[in-house]
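Shown next, in structure tokens, is the structure this report addresses.
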């Protein structure tokens, strides 16, 4: 599956990801945000085993330099690319 580029910081998925940094939002939605290669890898492994659902994998292609990270993006079900300039 090819990545869908996100070009606006006002994108609803970016807004949702930022909101999930607050406990109140996580409690209200039942969602969480996994950050970092290790945690994303664990989430994808849990999804593969049927123990979790991964809705989106957000990443910045310019910062994705490891083979392990590229492999995670390749096996993710839905992934969206972020321009490095939009990261906060």
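Please treat every number below as a calculation from the coordinates, not as lab data. From a predicted model like this one, the values you see are computed outputs, not experimental measurements. Cβ sites come from the backbone with ideal geometry, for glycine too, and all protein chains shown count toward neighbours.
Worth a mention:
- For the range 1-77: rounded, prolate or oblate by the Cα gyration tensor [a/c cutoff 1.5]: oblate
- Computing FRET efficiency as 1/(1 + (r/R0)^6) for residue 7 and residue 48, where r is the C-beta to C-beta distance and R0 is 35 Å, gives about 0.70.
- Mean Cβ neighbour count within 10 Å, used as a protection proxy, ranking 29-35, 15-21, 54-60 highest first: 54-60, 15-21, 29-35
- Spin-label model distance (nm) - residue 27 vs residue 63, 7 Å beyond Cα toward Cβ: 2.9 nm
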